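Trainee: A single structure is presented below for examination.
What follows draws every value from the coordinates through simple rules; no lab data is involved. As the structure is a computational prediction, the values presented were derived from the model and not from experiment. Backbone-built Cβ (ideal geometry, glycine too); neighbour counts: all protein chains shown.
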Amino acid sequence: MKTKLNLAEIYPSLSIPGANPILEIYNQYKSTEYDTHNKRPCIIICPGGYYQYTSDREAEPIALKFLSEGYNVFILRYSVLPVQYPQQLLELAAAVAHVRVNATQYYIDPKNISIAGFSAGGHLCASLATLFGRKFISDTLKIKSTDCYPNKLLLGYAVIDIKPHTPPKFVVEDIDITPSRQEYYTTAISDYVSAATPPTFIWHTISDKVVPVENAFMFADALRKNSIPFELHIYPFGTHGLSLANDQSATNEKHLNEHVASWVNLALEWLKISYN
């Protein structure tokens with residue numbers, strides 16, 4: 001069952017010119033026949049697209065895979081250019097908060113909400129996982145920091161150091177928040193990893209020419225230094241934007257890679273690990 005929700009209707013502070021944060025909901029609701037005991041785990045997916053669009057290839061195909069594995073799934077179609085970061089960070093925080101506050105309605109475990117991001121969507125997810133406690137998020141959305149905390153983080157070929165990947169249309173300007181927009185563009189998001197960052201699963205390919213594999217190493221090293229549990233998988237070959245790396249998400253043969261496609265099952269196994 002798929003439905004859509006405009007987050008700006010729930011969080012009016014998200015209503016800025018050009019913004020259109022849509023939460024696509026893929027939920028298999030409770031059945032009295034076979035689903036009588038446990039609430040489902042939940043995952044919120046942030047597709048990539050250079051903050052200029054949200055990739056369909058990194059959205060529904062991944063959502064349906066996790067739905068088939070017992071997850072209730074959400075896709076965040078966050079706002080894109082000319083709407084500028086950190087608006088997208090607020091939108092993801094709102095998505096996590098909304099799902100958690102309405103856990104009963106969505107039949108999910110509010111203590112088992114993961115976020116998964118790919119490419120620029122990975123930058124967005126890594127941002128929330130490291131910055132969820134910032135006052136400007138809770139003040140803007142009128143929520144508690146714990147409401148938007150992701151319990152686990154999945155990163156696929158994620159942008160961590162955004163500066164080398166900043167599109168020309170980005171306009172760097174200071175705004176009256178802490179930290180400033182300028183700070184985000186001059187500092188890698190790995191610099192904000194702390195003891196509060198959730199456990200993380202990372203995968204990347206060495207031959208990625210769009211987002212170099214060093215981005216994965218940067219984030220993993222920051223996690224290690226802060227004693228955060230993580231799992232890191234580096235594949236020897238594979239282009240950028242592989243998504244599921246199979247025919248469910250491929251545009252052409254470059255997106256087919258049977259070896260890299262193993263990341264999904266590895267991630268599903270990792271998600272079952274309890275770090276409490």
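Trainee: Indicate, rounded to the nearest 5 percent, the antiparallel portion of the DSSP beta bridges found entirely in the chain.
Mentor: On the way: 10 of 35 bridges.
The antiparallel proportion sits near 30 percent.
Trainee: Give the residue from Phe230, Asn246, Phe118 lying farthest towards the positive end of the charge dipole for the chain; charges sit on Cβ (+1 for Lys and Arg, -1 for Asp and Glu) and the dipole is referred to the Cα centre.
Mentor: Farthest towards the positive pole: Phe230.
Trainee: How much space per residue, in cubic angstrom, does the convex hull of the C-alpha atoms of region 184-276 take up? Please list the in-between numbers first.
Mentor: Details: hull volume 10.2 nm³, N = 93.
Considering the Cα atoms of region 184-276, their hull volume per residue is 110 Å³.
Trainee: Next question. What are the membrane-span-like helices in the chain by this rule: whole DSSP H runs, Cα extent along the axis at least 20 Å, mean Kyte-Doolittle hydropathy at least 0.0?
Mentor: Details: long enough: 87-101 (21 Å, 0.87).
TM-like helix candidates: 87-101.
Trainee: Next question, about the same structure. Given 20 °C and 1.002 mPa s, compute D for region 2-271 with the Stokes-Einstein relation, Rh being the Kirkwood radius over Cα pairs; round to the nearest whole µm²/s. Numbers along the way, then the final one.
Mentor: On the way: Rh = 18.5 Å.
Roughly 116 µm²/s, to the nearest whole number.
Trainee: Multiply the residue gap between Glu258 and Asn276 by 0.36 nm, knock off their C-alpha separation, and tell me the result in nm, one decimal place. Present the calculation step by step, with values, prior to reporting the outcome.
Mentor: Numbers: separation 18, 0.36 × 18 = 6.48 nm, distance 3.34 nm.
Value of the extension gain: 3.1 nm.
Trainee: Top mean-square fluctuation among Asn257, Asn38, Asn112, Gaussian network model of the chain, C-alpha springs under 10 Å?
Mentor: Asn38
Trainee: In addition: When Lys and Arg each count +1 and Asp and Glu each count -1, what net charge do the other residues less than 12 Å away from Tyr106, Cβ to Cβ, add up to?
Mentor: Numbers: positive: Lys30, Lys39, Arg40, Arg100; negative: Asp109.
Net charge around Tyr106: +3.
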